[in-house]
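Note sheet for the following structure.
The values are calculated or read from the model by the stated rules, or taken from the named source; none is laboratory data. Every value quoted in this text rests on a predicted model; they were computed, and no experiment measured them. Glycine gets a Cβ as well: all are built from the backbone with ideal geometry, and neighbour counts include every protein chain shown.
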Amino acid sequence: MACAISILLIAIFSFSSPNLVAYAQNDTLKQGQLLRDDEQLISAGGIFRLGFFSADSNAGLIGTAGARYLGIWFEHIPVYSVWVANRDTPVPDSSGGLTICKDGKLKITHQGGPPIVINSDVESPESSGDNITATLLDSGNLVVRRVDYEGKPAGPVLWQSFDDLHNMLLPGMRLRVNLRARKNLTLNSWSSEEVPAPGAFMPGLNACHIQEWKFSIRT
């Protein structure tokens, strides 16, 4: 009788918890792997998670309703994402999955549309045979790099999310101007509380490294 009650309680809990996810329990995505909508990476110290979420407050962070975004958030503050990979191009449903290609490009694949490339500006690996991985660090930084056969870093970082600033400045991030690439690395507000698309406000630096506040209207 006690066994039957336990089974019944487990069944009730399962059907009443729509936000259950399958944690990957590792911090690295390797070539050939697919991080599905119901899976997440967790940094080595358990500080940050990376996964798909819904910005709709009615759906919950890890609900499956509405537009889906790939983001990073604090393990103990799962109500607000600190970085969003596909701000302008949400996945329309829960069919999305994250992969990493041999050229270091991170792609979100989904049904009914072409892959969404997150880091088109990634540096090319030295060799097409290099083993490239994406690792979520305890700083909240997602880094793409070459690793050796033991999985240890074997070269410089090819790309990192800290160079793709959004609306939040984490320790280790820098607001700066890349004069060579003519790129201004600055923050950009969300369009609204439930829409991560770039908004109207951008604090940053000008070419003379003087702090300024900018206001732009997206058309």
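Okay, residues lined up against (1) in a strand (DSSP E or B); (2) of a type in the set (Gly, Ala, Ser); (3) touching a Gly at 6+ places or on another chain (Cβ under 7 Å); (4) modelled with pLDDT of 80 or more:
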site: VAL143; (1), (2), (3), (4): yes, no, no, yes
site: TYR149; (1), (2), (3), (4): no, no, no, yes
site: GLY155; (1), (2), (3), (4): yes, yes, no, yes
site: TRP159; (1), (2), (3), (4): yes, no, yes, yes
site: PHE162; (1), (2), (3), (4): no, no, yes, yes
site: PRO171; (1), (2), (3), (4): no, no, no, yes
site: ARG174; (1), (2), (3), (4): no, no, no, no
site: VAL177; (1), (2), (3), (4): yes, no, no, no
site: ASN188; (1), (2), (3), (4): no, no, yes, no
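Restricting segment 87-100 to residues that are surrounded by fewer than 22 Cβ atoms within 10 Å (Cβ to Cβ) and at pLDDT 95 or above, the residue that is farthest from TRP159 (Cα to Cα) is GLY97.
Answer yes or no as to whether ASP93 is farther than 23 Å from ILE47 by Cα and among the acidic types (Asp, Glu). In short, yes.
Within segment 82-95, does at least one residue satisfy the condition of being outside any loop (DSSP other than H, G, I, E, B), among the small types (Gly, Ala, Ser) and over 17 Å from ASP163 (Cα atoms)? Among the residues of segment 82-95, not one is outside any loop (DSSP other than H, G, I, E, B), among the small types (Gly, Ala, Ser) and over 17 Å from ASP163 (Cα atoms), which makes the answer no.
Give the residue that is farthest from LEU106 (Cα to Cα), with candidates limited to residues of segment 59-86 that are among the hydroxyl-bearing types (Ser, Thr, Tyr) and at pLDDT 85 or above. For segment 59-86, the residue satisfying everything is SER81. Does ILE132 satisfy being in a strand (DSSP E or B), closer than 19 Å to ALA67 by Cα and in contact (Cβ under 8 Å) with a residue 12 or more places away in the chain? In short, no. Among the residues here, ASP56 qualifies as among the acidic types (Asp, Glu), modelled with pLDDT under 95 and either within 30 Å of GLU150 (Cβ to Cβ) or out of contact with any strand residue (DSSP E or B) (no Cβ under 9 Å at 6 or more places or on another chain) (or both).
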